[in-house]
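The values are calculated or read from the model by the stated rules, or taken from the named source; none is laboratory data. Computed from a predicted model, the values in this text were never measured in an experiment. Cβ sites come from the backbone with ideal geometry, for glycine too, and all protein chains shown count toward neighbours. Surface areas here come from the heavy atoms of the whole protein model, side chains and all, with no ligands, DNA or RNA. Shrake-Rupley method; radii C 1.70, N 1.55, O 1.52, S 1.80 Å.
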Amino acid sequence: MEKLSAKSDPIYLGEAIVKKALDVMIQHNLVKFQASERNNNVAEYSMIHHNVYCLIRYPKYLYMIKRIYGTSEEILLEILLNLGQASASNVIFHSANRLNEANDSEVLSPSALHQSFQRLAQDNFIIRCPKLAENATLLKVPTLEIEEKEKFAVPNVEIEPIARMLKEKATQLGGHCDSEIIWRVNHERFDIELRNVILVNAAARRVDTTAGELYHLILKLWRESSNPDSPATTPVSYNVIKDAVRKNDSSPILLEHFDHYLRVLYEDSAGLIDRAGDAGGGQFNLDYSKVFENLACASLDSIVLERFGSKALRLFRLTRIQKFMEQDQMQNVAMIPAKEAKMFTYKLLEHNFLQIKELKKGTSNFAPVKSFILYHVDLPQVVRTVLEASYKGLFNAMVRQMHDLTENKRLLEKHAMLESMLERLKGDDGVPDEEIAELSDTMHPAEKSLVEKIQLMSDNLTLGQTQADETILILESYLKFKSKEL
């Protein structure tokens, strides 16, 4: 028996169950393994925490791919997410089956899906899994490796066998030429895209939708010329940006007022664009560390305002800007009565939004040491505290939503069945209105009211999860780029 220890009572599982669980988690890129440092013949397994968290972002992944490419690419990604890891042929085969089921009149050619698969790989949304190293057979714990140039290279796929299996209505592809080349979803690429969505939305909120469109075009130029993990992008010239706008025919207003929008963006205090030089009409880049620090500060300000009020926010923001402040100085500059200033300061200190630093000043060897208490904001520490609270809040929202839906499962199923029947009867011209009304009354008004209440609460919890996830992405991005500066 295998023992899984936890904070609560230990859980005892059979060896077969543990192996099966590890197999499933490795298949879905949630667990990795490596040889133990103490004994190379023993494998050590560890959770890939970021990939586990990204499970809740799968709906966002699908929506994003559908918006960028279309339905075929969305189905390809959905199949790959369901399988965890799979060959290109296998993903194409199952995607074609799914699309053919939705469209019975014609059989889709897998060659179109192969082109869609190539587009996803070319834009780095999917990536090849490492393969066994050359000496892997000599080791009890195999090692996996892959060359950089192979990560996004799509192999040749035999289309004819796939098309033949589709015509035969087969459910499994069987043997194929690229069965040993396995693909998975590239979470890091989706993180970059989600990060860019936050930046574009920030530009649109600060100015308008046209400015957001311009910023989206500039982000594309930066992505083509820069490493997305670097703290700052490579500068792009004014002429290159204007050429990109000129090629984009979707917004004539943007081309007409291009100079104005660009100037507003780089002069804005949010730091969405920095001017790095004057060559080529001006050089513009993005300092990720700076912009995500501003976004993180805006998120923290919003949290402090909601939890403690506007006066606490004034103290928090003032201390962050001034770096170090004494208690008397804080209340005088913030123009808050001493009693309230002390109360809000201690509340912020209690919840780790403020930190204290003690400075001692000795006047002589015999006189008592005089000490000064200074308040300051350790931004990385505050961000980590809020990040942990965001994880807990997200988890609580998911548990509460699952609890409400499970507790009222029968009522929700009854309501869904009734709505389906009503829609079907309304589409039938031969059914009188009295019969439809009688069927509608089979559900008690109190039950209908409860269903509406549950659905409204579920929608609010889903919205809360989305907002918490966006806050988490902002805070994680800040800590990521902050660590690269050090």
Can you tell me which residue is nearest to the chain's Cα centre (by Cα) among those in the stretch 140-167 that are over 19 Å from residue 112 (Cα atoms) and open to solvent by 80 Å² or more (accessible area, probe 1.4 Å)? 148
Expected single match for under 21 Å from residue 192 (Cβ atoms) and crowded, with 19+ Cβ neighbours inside 10 Å among 295, 221 is 295
Check whether at least one residue in the stretch 355-374 is outside the structural domain of residue 468 (by the TED database), under 18 Å from residue 309 (Cα atoms) and not in a helix (DSSP H, G or I), and report yes or no. no
Looking for whichever is under 28 Å from residue 386 (Cα atoms), surrounded by 15 or more Cβ atoms within 10 Å (Cβ to Cβ) and not small (Gly, Ala, Ser) here; the options are 268, 229. Which one fits? 268
Just the residues that are open to solvent by 60 Å² or more (accessible area, probe 1.4 Å) and aromatic (Phe, Trp, Tyr), please, taken from the stretch 368-414. 372, 391, 395
Within the set of pairs 6 or more residues apart or between chains, which connect a residue that is modelled with pLDDT of 90 or more inside the stretch 339-353 to a residue that is assigned to a loop (DSSP other than H, G, I, E, B) with Cβ atoms less than 6 Å apart? 348/354
Flagged in the stretch 430-486 as of a type in the set (A, V, I, L, M, F, W, C), open to solvent by 40 Å² or more (accessible area, probe 1.4 Å) and over 30 Å from residue 286 (Cβ atoms), in numbering order, are 437, 446, 450, 456, 457
